[in-house]
Amino acid sequence: MQSSHLLLEEPIRMASILEPSKASFFPAMTKIVGTLGPRSRSVEVLSGCLTAGMSVARFDFSWHDPEYHQETLENLKAAVKLTKKLCAVMLDTVGPELQVVNKSEKAISLEADATVILTPDEGQEASSNLLPINFDGLSKAVKKGDTIFIGQYLFTGSETTSVWLEVSEVQGNDVVCVIKNTATLTGALFTLHASQIRIELPTLSDKDKEVISSWGVKNKIDFLSLSYTRHAEDVRHAREFLSKQGDLYQTQIFAKIENIEGLNHFDEILQEADGIILSRGNLGIDLPPEKVFLFQKAALYKCNVAGKPAVVTRVVDSMTDNLRPTRAEATDVANAVLDGSDAILLGAETLRGLYPVETISTVGKICAEAEKVFNQDLYFKKTVKYVGEPMTHLESIASSAVRAAIKVKASVIICFTSSGRAARLIAKYRPTMPVLSVVIPRLKTNQLKWSFSGAFEARQSLIVRCLFPMLADPRHPAESTSATNESVLKVALDYGKASGVVKPHDRVVVCQKVGDASVVKIIELED
């Protein structure tokens, strides 16, 4: 049965901290999104990533071409078959991202107090005095005294691999800057971020649309990460575009909040998007460092009460080159979990980092430890209070299922769902035990052929904290007779037993639809 959870507000015996953690079938309830790239694209490494706890694979189209990403995805499919671990696919758009182009890939050394020119002439060769960029409107957007940051795969914060520039003057299309710190830039592409400056480029670029309508459609992507979301209109525009791309009308849109503009319109964006990604790399540049934690806590709270998944980025940067995170980073991961995040997104750490599998494993272990002291009772009360009365039928069932599961110390909640909405509502109340979301496929037709839905809904729960999906046999409808419901329940329980989630004499809470009624029941397992 589920062990009682300590809370951080309660006295914790110091000796108990040293007790070894128990192995679990699910490494953590908090999900891990891994960005795939040069260091994480072989079947062997991907199998390790899945086993370590990665449940969503992110394909960042700022790097490499669709053919490269397709090869990586085929390897991921092979790894999924090998490990029998489900994995969702997230396409990350480029959006209005500014880049410095270094065709020769030679290291560029920049000295503090020297000057460097940013030019839109991409034919020029990058050097210590001249950096070609992919945008000809920078000179119109900036003024003297503005701040610009440049670094590989976003500004890292490291004084040696990222550079801080201050605009000194504008000369035609060129921007002359004073270098504020000595740094060496290495690689073919560097991201350029103009702090608190509006860049007049569309959020969904023509290049993004082309990638979505070809690579995205072909691979039936589960999530679209909409980079640099600035307004709710950006999300509506992306959704309208996706709705015309075959099966992609089911794709969920995660708005990436990366700048002050997105922060200012956060509430409207949250209402429109399916989930939020707090991109702390760029946000940490636009916001003063002392304000970043405040935005994180406020944004996560808003996502939690809205019942929408929240993903936090840039947590263990040092693991790009090291086998262990810093103490501050380990604490940062735990605080993200305690603040209520659904998932941790790893970028450079898995894309080009030396230890992708170890990084996923380490982050998963930290998440699991933080989950043990997560104050679910306080969280539950706040969420119920926010929802208010009268509750909707589904909301009432979901909160009752979680309350019952905690009161009887159930080892697992099993939820039968067609759309995935009921399972997401249960997860919204952050139960301390896993939720097995049994997705019942629905038969549908486009007048030419019949097909079953359900795969999208199952994979999309892989980014939601606590949720672990199963796709049921399509011969079992969602609302059915008692006999077929019992049959599906037996399959779910057998899976739970085989994975070690449930054991003899455990209690299980089941949430299902019987006819027109929704039922929450408690089962005590026999030997």
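The values are calculated or read from the model by the stated rules, or taken from the named source; none is laboratory data. Please read all numbers here as calculations on a predicted model, not as lab measurements. Glycine gets a Cβ as well: all are built from the backbone with ideal geometry, and neighbour counts include every protein chain shown. SASA here: full protein model, heavy atoms, side chains in, ligands and nucleic acids out. Shrake-Rupley method; radii C 1.70, N 1.55, O 1.52, S 1.80 Å.
The set of residues in region 109-126 that are among the hydroxyl-bearing types (S, T, Y), out of contact with any Pro (no Cβ under 9 Å at 6 or more places or on another chain) and open to solvent by less than 70 Å² (accessible area, probe 1.4 Å) contains only S109. Quick check on this structure: which one of E389, E369 is in contact (Cβ under 8 Å) with a residue 12 or more places away in the chain and either more than 22 Å from P434 (Cβ to Cβ) or surrounded by fewer than 18 Cβ atoms within 10 Å (Cβ to Cβ) (or both)? Exactly one of E389, E369 is in contact (Cβ under 8 Å) with a residue 12 or more places away in the chain and either more than 22 Å from P434 (Cβ to Cβ) or surrounded by fewer than 18 Cβ atoms within 10 Å (Cβ to Cβ) (or both), namely E369. Out of A78, A28, one residue alone is part of a helix (DSSP H, G or I) and either open to solvent by less than 20 Å² (accessible area, probe 1.4 Å) or over 24 Å from S213 (Cβ atoms) (or both). It is A78. Selection within region 339-353: residues that are of a type in the set (A, V, I, L, M, F, W, C) and at pLDDT 95 or above. The member of this set that is farthest from S40 (Cα to Cα) is A343. Taking V176 as meeting all but one of (1) crowded, with 21+ Cβ neighbours inside 10 Å; (2) aliphatic (A, V, I, L, M); (3) more than 30 Å from P66 (Cα to Cα), write down the number of the exception. It is condition (1) that V176 fails. Screening A298 on (1) surrounded by fewer than 18 Cβ atoms within 10 Å (Cβ to Cβ); (2) modelled with pLDDT under 95 shows it passes everything except condition (2).
Checking the stated criteria, L46 turns out not to satisfy the condition of being outside the structural domain of L278 (by the TED database), surrounded by 19 or more Cβ atoms within 10 Å (Cβ to Cβ) and not polar (S, T, N, Q). Taking region 221-291 as the region of interest, the helices (runs of 4 or more DSSP H) fully inside it that hold 1 or more residues being in contact with a Gly (Cβ under 8 Å, 6 or more places away or on another chain) and in the same structural domain as L73 (by the TED database) are 266-272, 280-286. Taking region 399-417 as the range and being open to solvent by 10 Å² or more (accessible area, probe 1.4 Å) and touching a Pro at 6+ places or on another chain (Cβ under 8 Å) as the test, only I406 passes. Could you please give the count of residues in region 66-118 that are at pLDDT below 95, among the charged types (D, E, K, R) and in contact with a Phe, Trp or Tyr (Cβ under 9 Å, 6 or more places away or on another chain)? Within region 66-118, residues that are at pLDDT below 95, among the charged types (D, E, K, R) and in contact with a Phe, Trp or Tyr (Cβ under 9 Å, 6 or more places away or on another chain) number 1.
Of the residues T331, T383, the single one that is open to solvent by 60 Å² or more (accessible area, probe 1.4 Å) and either touching a Cys at 6+ places or on another chain (Cβ under 9 Å) or among the hydroxyl-bearing types (S, T, Y) (or both) is T331.
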